[in-house]
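**Student:** Please find one structure pasted underneath; my questions will follow.
The values are calculated or read from the model by the stated rules, or taken from the named source; none is laboratory data. The structure displayed is predicted, hence computed values, not measured ones. Cβ: placed from backbone, ideal geometry, glycine included. Neighbour counts: every protein chain shown.
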Amino acid sequence: MARFDEFLEANRQYAASFEAGDVPAPPARKVAVVTCMDARLHPEKFLGLEAGDAHVIRNAGGRISEDAIRSLVISERLLGTEEIVVIHHTDCGMLTFRNEDLTEKIKQDLGVDTTGRDFLPFSNLEQSVRDDVQALRDSDLIPDDITISGAIYDVKSGVLREVVRS
Ligand SMILES: [Zn+2]
């Protein structure tokens with residue numbers, strides 16, 4: 001049985017008691033969170049978010065990539081968010097490789113040359129948070145009146161620690 005079949009079954013139970021059908025699309029708490037896709041992170045739970053509260057944009061590392069910017073611009077311009085929180089986390093997989101390593105593996109596995117492509121790994125967790133908050137500040141698509149914060153989530157303790165406010 002594919003995982004998808006398990007999902008369909010789980011969803012039947014979810015939908016049976018579903019009550020959030022009238023929640024508006026613009027986030028009620030006017031905030032967008034950018035965080036990692038890591039399976040151990042459950043941002044809705046560790047941030048106390050309900051359906052309709054926030055945009056949660058996830059990618060490998062929670063990096064401010066071009067596509068994260070794309071989503072944030074839509075979040076702010078079209079759906080009224082006014083604050084961004086960047087959350088990286090301890091034991092992140094992005095700390096474990098360099099671009100050259102992944103480029104070599106892709107070459108071996110897929111026969112595709114990705115030389116020059118940046119997969120956005122990092123070697124210093126706190127610095128990566130600061131860099132991504134700064135990248136938002138430097139973007140002319142993110143206006144100065146948007147509140148931006150950066151934090152680190154500890155996967156062992158569940159604790160969120162502030163790193164920077166901008
Ligand atoms: Zn991660």
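**Student:** Mind listing just one residue for me: the one in region 31-70 that is exposed (fewer than 14 other Cβ atoms within 10 Å of the Cβ) and part of a helix (DSSP H, G or I) and, of those, farthest from the ligand (Cβ to nearest atom)? Give the derivation first.
**Tutor:** So in region 31-70, the residues exposed (fewer than 14 other Cβ atoms within 10 Å of the Cβ) come out as 37, 39-40, 42, 45, 48, 50-51, 66-67, 70.
Right, trim to part of a helix (DSSP H, G or I) and you get 45, 66-67, 70.
Values: K45: 17, E66: 19, D67: 16, R70: 20 Å.
Among those that are exposed (fewer than 14 other Cβ atoms within 10 Å of the Cβ) and part of a helix (DSSP H, G or I), it is R70.
**Student:** Given the conditions (1) over 12 Å from the mean Cα position of the chain (by Cα); (2) farther than 21 Å from D154 by Cα, report the number of the one that D67 does not fulfil.
**Tutor:** The number of the failed condition is (1).
**Student:** I'm told D91 meets every condition in (1) part of a loop (DSSP other than H, G, I, E, B); (2) surrounded by fewer than 14 Cβ atoms within 10 Å (Cβ to Cβ); (3) more than 16 Å from the ligand (Cβ to nearest atom) except one. Can you identify the failing condition by its number?
**Tutor:** Unmet condition: (3).
**Student:** If I filter region 71-88 down to residues being more than 16 Å from the ligand (Cβ to nearest atom) and part of a strand (DSSP E or B), which single residue comes out as surrounded by the most Cβ atoms within 10 Å (Cβ to Cβ)?
**Tutor:** Quick first cut of region 71-88, residues more than 16 Å from the ligand (Cβ to nearest atom) only: 71-84.
Next, only the ones that are part of a strand (DSSP E or B) stay: 83-84.
On the way: E83: 16, I84: 26.
That would be I84.
**Student:** Sticking with this structure for a sec: Take region 68-112 and flag every residue that is touching a helix residue (DSSP H, G or I) at 6+ places or on another chain (Cβ under 6 Å) and farther than 23 Å from V163 by Cα.
**Tutor:** Within region 68-112, V112 is the sole residue that qualifies.
**Student:** If S166 satisfies every condition in (1) under 20 Å from R70 (Cβ atoms); (2) at pLDDT below 95; (3) not aliphatic (A, V, I, L, M) but one, which is the exception?
**Tutor:** Single failed check for S166: (1).
**Student:** Shifting gears a bit: All but one of (1) surrounded by 12 or more Cβ atoms within 10 Å (Cβ to Cβ); (2) basic (K, R); (3) part of a loop (DSSP other than H, G, I, E, B) hold for K156, so report the exception by its number.
**Tutor:** If we test K156 against (1) surrounded by 12 or more Cβ atoms within 10 Å (Cβ to Cβ); (2) basic (K, R); (3) part of a loop (DSSP other than H, G, I, E, B), just (1) comes out false.
**Student:** Mind telling me which of the residues L102, L136 ends up being outside any loop (DSSP other than H, G, I, E, B) and under 30 Å from A28 (Cα atoms)? Give the derivation first.
**Tutor:** Numbers: L102 fails: under 30 Å from A28 (Cα atoms).
On inspection, the qualifying residue turns out to be L136.
**Student:** Right, here's the next one. Determine whether region 96-118 contains at least one residue that is touching a residue at least 24 places away in the same chain (Cβ under 8 Å) and either under 23 Å from S71 (Cα atoms) or touching a strand residue (DSSP E or B) at 6+ places or on another chain (Cβ under 6 Å) (or both).
**Tutor:** No, every residue in region 96-118 fails to be touching a residue at least 24 places away in the same chain (Cβ under 8 Å) and either under 23 Å from S71 (Cα atoms) or touching a strand residue (DSSP E or B) at 6+ places or on another chain (Cβ under 6 Å) (or both).
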